[in-house]
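K.L.:
After the structure tokens below, expect a handful of questions from me.
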């Protein structure tokens, strides 16, 4: 599904942030991405999400070499990936329902065709009674769940979550982890970036550890 | 998807009083909020530009139509002038010239101006109650062409000058050429003005669109993350700018049409008090063609505003990417 071969990345003329990164992500797999702050986790996530292109090496995503994609092809590939940001990236002028349904609206679907699906998903993440409020009214945990719901509504094959438990209490963090595990069991590959060791200890999964720009894989 | 996790969710506090009914009642909100686009200012700019374009189009069409009418009138008519001399000799020359004109093919009517008619022609310059007998005023013969075919004016001129040395023929060609030159000049100025107005409108829209995209940078990023193509994102902005263009265009176009309508109504309302007013303002009647041109300019402005914003968003997105 995802393959990195000797990938290196530098910003401008600066030093390499990522060096000779090689790994693969298989369908229906679950992995944590961890490492100290500033080690390159977010950069790796940005590469996975096609927001950056490597300065060297090869990245293939769903069998496509990402260096040869035009903007429209990038958009189409992104529809197969769900992403959850640490800072949620919800649009404040749209309600929770509208935020979550955004990926379907982007596909040009009529609202009537997805209303039930969005409502069901919002109930599943515990936001059934908060779907018509604007994000500034939501708590941090609710925003996080709304962001997760938005990432899931398009039924992605690959879910990227960048510190999804960084802004929530341990109880909610455990519940969110269960949500990701359940999602993985339903067939979605999950890459969960976190520096929360306690969270990783709760689930036996592959760990990708990034340190000083190099990636170490612990199966 | 499973709903097993829903049971583990804590009870949520009820929605804030009043917010839920309000939100439920609304249709899907615009992805790009209209409040983030400098709409009022741009509507004013587009309205002003459309107003100027409408005035230019209306005036150009009016001038062209009036000039065309004048040319049509004068080219259907030529005049023969007989230089003033001894009265009896002059009368004989006038009759001879009129006879020559009548025998020329392509002439429908020959009319010798009486002294009273000549006096009326000169009245604006020399005043009333004038005795033309004291002045060496040339006699004028008005010759109307039948318009069925080209009259042989060259032969008429040759015959006249051969037989009556004091006769001259004026076919108004010089005046007509000058009129054509003036009309062409007005049209050229109109085209230049329209190009400048169009350019200013496009630049205004470009700057407004760039500002709108910059303001909505976070929205654009989220749309990219959820898999939106650039075309979809551009369409979100284009929708707003089409509305702005249509609104501004309508205001400007209707204002321009109102100006021409008011000018046409002014003489009928008896305003101004100048007896020449209807004649002067008659020039500024753009007619149906002019009003149609103004309507077309409104449509073009609206579409150009939308298209410009779309292209600008595309280019800006490429830069961001």
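Every number in this text was worked out from the coordinates using simple rules, so none of it is lab data. Please read these numbers as outputs of a predicted model, since none were measured by experiment. A quick note on method: Cβ atoms are made from the backbone with ideal geometry, for glycine too, and the neighbour counts reach across all protein chains shown.
K.L.:
Classify the range B:34-106 as rounded, prolate or oblate from the Cα gyration tensor: take a ≥ b ≥ c as the square roots of its eigenvalues, call it rounded if a/c is under 1.5, otherwise prolate when a/b beats b/c and oblate if not.
P.N.:
It is prolate, given that a/c is not under 1.5 and a/b is the larger ratio.
K.L.:
Once every DSSP H run of n ≥ 4 in chain A is given -39500 (n - 2.57) and the sum is divided by its residues, what mean residue ellipticity at 222 nm do you get, rounded to the nearest 500 deg cm²/dmol?
P.N.:
-10500 deg cm²/dmol
K.L.:
For a Förster distance of 51 Å, can you work out the FRET efficiency between the beta-carbons of residue B:142 and residue B:318, rounded to the nearest 0.05?
P.N.:
Efficiency at R0 = 51 Å is approximately 0.15.
K.L.:
Further question: Would you calculate the separation in nanometres between label points at residue A:73 and residue B:84, each defined as 7 Å from the Cα along the Cα-to-beta-carbon direction?
P.N.:
Modelled inter-label distance: 9.3 nm.
K.L.:
At what distance in angstrom do the alpha carbon centres of the range B:63-125 and the range B:156-228 lie from each other?
P.N.:
Rounded to whole Å, the Cα centres lie 38 Å apart.
K.L.:
Okay, moving on. As an exercise, use a Förster radius of 25 Å and the Cβ-Cβ distance of residue A:171 and residue A:28 to find the FRET efficiency, rounded to the nearest 0.05.
P.N.:
Details: r = 28 Å, r/R0 = 1.11.
For R0 = 25 Å, the calculated efficiency reads 0.35.
K.L.:
I would also like to ask the following. GNM on chain A, C-alpha springs below 10 Å: top fluctuator among A:169, A:70, A:20?
P.N.:
Residue with maximal mean-square fluctuation among A:169, A:70, A:20: A:70.
K.L.:
In terms of the Cα gyration tensor, with a ≥ b ≥ c the square roots of its eigenvalues, is the protein assembly as shown rounded because a/c is under 1.5, prolate because a/b exceeds b/c, or oblate?
P.N.:
Prolate.
K.L.:
Also, I was wondering about something else. In a Gaussian network model over chain A where Cα atoms closer than 10 Å are linked, find which of A:33, A:18, A:199 has the largest mean-square fluctuation.
P.N.:
Greatest mean-square fluctuation among the candidates belongs to A:199.
K.L.:
According to a simple spin-label model (label point 7 Å from Cα along Cα-to-Cβ), what is the distance in nm between residue B:180 and residue A:181?
P.N.:
9.3 nm
K.L.:
Determine, for A:150, A:115, the number of other Cβ atoms within 10 Å of each Cβ, and report the residues in order from fewest to most.
P.N.:
By the 10 Å Cβ count, ascending, the order reads A:115, A:150.
K.L.:
Moving on to the next point. Based on the Cβ-Cβ distance of residue B:28 and residue B:303, what FRET efficiency does E = 1/(1 + (r/R0)^6) give at R0 = 25 Å, to the nearest 0.05?
P.N.:
Details: r = 25 Å, r/R0 = 1.01.
The value I calculate is 0.50.
K.L.:
Determine, for B:232, A:49, B:241, the number of other Cβ atoms within 10 Å of each Cβ, and report the residues in order from fewest to most.
P.N.:
With the fewest neighbours first, B:232, A:49, B:241 line up as B:232, A:49, B:241.
K.L.:
Additional query: Looking only at chain A, where both bridge partners belong to it, what percent of the DSSP beta bridges are antiparallel (to the nearest 5)?
P.N.:
Values: 18 of 35 bridges.
Restricted to chain A, the bridges split so that about 50 percent are antiparallel.
K.L.:
Of A:143, A:19, A:53, how do they rank once you tally other Cβ atoms within 10 Å and put the fewest first?
P.N.:
Starting with the residue having the fewest Cβ neighbours, the order is A:53, A:19, A:143.
K.L.:
Would you mind giving the mean number of other chain beta-carbons within 10 Å of the Cβ of each residue in B:227-234, as a whole number?
P.N.:
Across B:227-234, the average partner-chain Cβ count within 10 Å equals 6.
K.L.:
Here's another thing I want to ask about it. Apply the a/c threshold of 1.5 to the C-alpha gyration tensor of the range A:88-192 and tell me whether it is rounded, prolate or oblate.
P.N.:
Note, shape of the range A:88-192 comes out oblate.
K.L.:
At what distance in nm do the modelled label points of residue A:214 and residue A:115 sit from each other, each positioned 7 Å from its Cα along Cα→Cβ?
P.N.:
It works out to 5.7 nm between the two label points.
K.L.:
Select from A:39, A:147, A:161 the residue whose mean-square fluctuation is largest in a Gaussian network model of chain A (Cα-Cα springs shorter than 10 Å).
P.N.:
A:39
K.L.:
Further, regarding this structure: Helix A:170-185 versus the longest principal axis of chain A: what angle, 0 to 90°, nearest 10, using Cα atoms?
P.N.:
Rounded to the nearest ten degrees, it is 80.
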